[in-house]
């Protein structure tokens, strides 16, 4: 009789990862199906490049699987996966030291004729221009719907720091997009 791993909670799935190979593979598959889209979206928004995001995304689940062999209990599985993603993104960003000049971005946003899809692309580009600490909090709050307390735990700062960074990120995005928004109102 086949076991329905979809009915398992996250803690039970993590326990199954330490079991025999068949149970471990099924449990991992269920965890992957529950959280893969969320983790990939996080990686893509943080990194801003599909290739980098894909590399990190794959590494997240490899690291998690290897780590899970020794875990007895995980209180917040999505938080753990986001934390692993965050650390891998930070490591790659440090290694790449990517810089985008604001002048190059402004050349793009003054072009006319953007539709909603292009506006969303502009917002994504604006995110790339933010410092990592602001971009990360903005993504966790706006795209993943995490509370400020959850964000604070992930970034290792206070709840008020998380709130402040989210507010500053929004303000910086408004500043970056203000020339484009001014063109729209003409």
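Take residues that are modelled with pLDDT under 80 and tell me which of the helices (runs of 4 or more DSSP H) falling wholly in segment 7-116 contain 1 or more. Those helices (runs of 4 or more DSSP H) span 77-96, 102-109. Selection of segment 124-158 for residues being exposed (fewer than 14 other Cβ atoms within 10 Å of the Cβ) and either in a loop (DSSP other than H, G, I, E, B) or over 12 Å from the mean Cα position of the chain (by Cα) (or both) yields 124, 131, 145, 147, 149, 156, 158. If you scan segment 133-148, which residues turn out to be in contact with a helix residue (DSSP H, G or I) (Cβ under 8 Å, 6 or more places away or on another chain) and closer than 16 Å to residue 77 by Cα? Matches in segment 133-148: 140, 144, 146.
The values are calculated or read from the model by the stated rules, or taken from the named source; none is laboratory data. It should be emphasised that the depicted structure is a prediction, and the values quoted were computed from it without experimental measurement. Backbone-built Cβ (ideal geometry, glycine too); neighbour counts: all protein chains shown.
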